[in-house]
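**Student:** The structure's right below; bear with me while I get my questions together.
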2 protein chains.
Amino acid sequence: MYQILREHIEKIVPLSDEEFAFVARHFTARKYKKHQFLVQPGDAVKHYYFVVSGLLKLVYTDEDARQHIVSFAMKDWWEGDFYAFYTQTEATLSVECLEDTEVLCFSLQDYRDLCNGLQKMERFFLEKVNFGFLAAQRRIISMLTSSAKERYEQLIKQYPSLVQRVPKSQLAAYLGVSRETLSRLYQ
Amino acid sequence: MYQILREHIEKIVPLSDEEFAFVARHFTARKYKKHQFLVQPGDAVKHYYFVVSGLLKLVYTDEDARQHIVSFAMKDWWEGDFYAFYTQTEATLSVECLEDTEVLCFSLQDYRDLCNGLQKMERFFLEKVNFGFLAAQRRIISMLTSSAKERYEQLIKQYPSLVQRVPKSQLAAYLGVSRETLSRLYQ
């Protein structure tokens with residue numbers, strides 16, 4: 001699974017074997033079962049996750065126990081309660097497996113050590129979060145301007161393999177509509 | 001105005017006079033009048049902006065010519081069509097002055113040179129965009145879970161000085177409701 005991480009990083013910065021050995025030492029491999037939680041609200045958030053295989057969802061659960069899906073993450077994507085991780089505060093979000101999932105994760109100290117120890121990794125994280133910021137901004141624009149139907153169609157176009165793997169009830173919670181509304185649109 | 005930039009950067013990374021002189025050489029000062037555009041859809045986006053004084057809005061205009069406000073930026077905030085800037089594609093958003101505004105701006109080449117020439121600046125940009133990503137993620141959660149009224153109240157609580165300066169019609173375009181809806185809520 002470390003080879004997947006290496007290929008992922010080397011799309012942005014090339015690494016020598018020695019450099020990648022340094023990087024790999026800061027990651028820990030973990031396996032989770034479908035429906036298992038990696039993070040739950042109130043947890044001390046110790047890790048941020050790179051998905052090697054499987055599928056995760058990042059969820060905000062409101063006071064009425066309704067689930068709102070902030071994002072999905074499949075192979076090659078990063079996921080976690082980044083706010084709680086980065087500010088070392090309690091989780092307000094949950095991370096749960098929609099499929100059996102393998103991850104490589106690091107602690108905030110590992111993240112700092114990677115940035116301090118190898119400038120290429122700071123460059124890598126900067127590129128990744130720049131594109132993460134852009135994706136979040138595009139989603140905000142889409143939420144401001146598009147109907148649920150248009151947003152569903154954008155999702156199919158952008159991530160066809162994701163839409164096939166995610167149950168409709170979960171897609172509805174991502175799009176911000178009820179399961180019934182989504183069904184009505186796609187009978 | 002360069003002193004404001006220096007204080008802003010030094011909240012994250014301390015700089016020697018020599019280092020700040022290197023940083024300052026990569027920025028250009030510009031002044032704009034209220035209602036003036038810094039970026040319009042279709043433009044080649046050459047700059048990204050740090051606001052020294054005044055107030056900007058980042059706008060997506062839909063096919064029906066309705067304005068949707070992606071973000072506001074006042075003193076100490078960064079603004080621009082980041083996607084177009086970062087990928088060197090044509091602007092899809094506009095940046096317009098809500099007040100007379102002074103900025104310091106840089107080109108993508110300046111940004112690259114800053115990151116390559118001074119690791120502290122790469123660290124600074126990484127910290128800034130991490131928090132930008134978090135703010136965008138919080139806004140997505142708020143849009144998924146909160147009513148227009150709740151979002152207005154969150155905005156007042158988080159940015160009281162912003163709400164006082166921005167016309168109600170513009171706040172409505174940010175919250176994703178009509179001017180009439182916002183008025184009804186706050187008669």
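The values are calculated or read from the model by the stated rules, or taken from the named source; none is laboratory data. If you're wondering where the values come from, they're calculated on a predicted model, not measured in any experiment. Ideal geometry is used to build each Cβ from the backbone, glycine not excepted, and the neighbour counts take in all protein chains shown. Remember, those area values only see protein heavy atoms, side chains included, never the ligands or the DNA or RNA. Shrake-Rupley method; radii C 1.70, N 1.55, O 1.52, S 1.80 Å.
**Student:** Name the helices (runs of 4 or more DSSP H) wholly inside the range B:102-176 in which the number of residues that are under 30 Å from A:L93 (Cβ atoms) is 3 or more. I'd like the intermediate steps shown before the answer.
**Tutor:** Values: elements: B:108-117, B:119-145, B:148-158, B:160-165, B:168-175.
In the range B:102-176, the matching helices (runs of 4 or more DSSP H) lie at B:119-145, B:148-158, B:160-165, B:168-175.
**Student:** Could you list all residues from the range A:121-133 that are at the interface with chain B (Cβ under 7 Å from one of its Cβ atoms) and of a type in the set (D, E)?
**Tutor:** Filtering the range A:121-133 for residues at the interface with chain B (Cβ under 7 Å from one of its Cβ atoms) gives A:122-123, A:125-126, A:129-130, A:132-133.
Of everything in the range A:121-133, just one residue is at the interface with chain B (Cβ under 7 Å from one of its Cβ atoms) and of a type in the set (D, E), namely A:E122.
**Student:** How many of the residues in the range A:134-152 are more than 7 Å from chain B (Cβ to nearest Cβ) and either touching a residue at least 24 places away in the same chain (Cβ under 8 Å) or under 16 Å from B:T61 (Cβ atoms) (or both)? Walk me through it before giving the result.
**Tutor:** Going residue by residue through the range A:134-152, those that are more than 7 Å from chain B (Cβ to nearest Cβ) are A:135, A:138, A:142, A:146-152.
From the residues that got through so far, the ones that are either touching a residue at least 24 places away in the same chain (Cβ under 8 Å) or under 16 Å from B:T61 (Cβ atoms) (or both) too are A:138, A:142, A:146, A:148-149, A:151-152.
Residues meeting the conditions: 7.
**Student:** Let me ask something else. Identify, please: which residue in the range B:92-104 is away from every other protein chain (no Cβ under 11 Å) and out of contact with any Lys or Arg (no Cβ under 6 Å at 6 or more places or on another chain) and is, among those, farthest from B:F37 (Cα to Cα)? Give the derivation first.
**Tutor:** Taking the range B:92-104 as the starting set, the residues that turn out to be away from every other protein chain (no Cβ under 11 Å) are B:94-104.
Add one more test, that the residue is out of contact with any Lys or Arg (no Cβ under 6 Å at 6 or more places or on another chain), and what stays is B:94-95, B:101, B:104.
Working: B:S94: 7, B:V95: 6, B:T101: 11, B:L104: 15 Å.
Looking at the filtered set, the residue picked out is B:L104.
**Student:** Hey, A:A172 hits all of (1) facing chain B (nearest Cβ under 9 Å); (2) open to solvent by less than 20 Å² (accessible area, probe 1.4 Å); (3) without any contact (Cβ under 8 Å) to a residue 12 or more places away in the chain but one; which does it fall short on?
**Tutor:** Failing condition for A:A172: (1).
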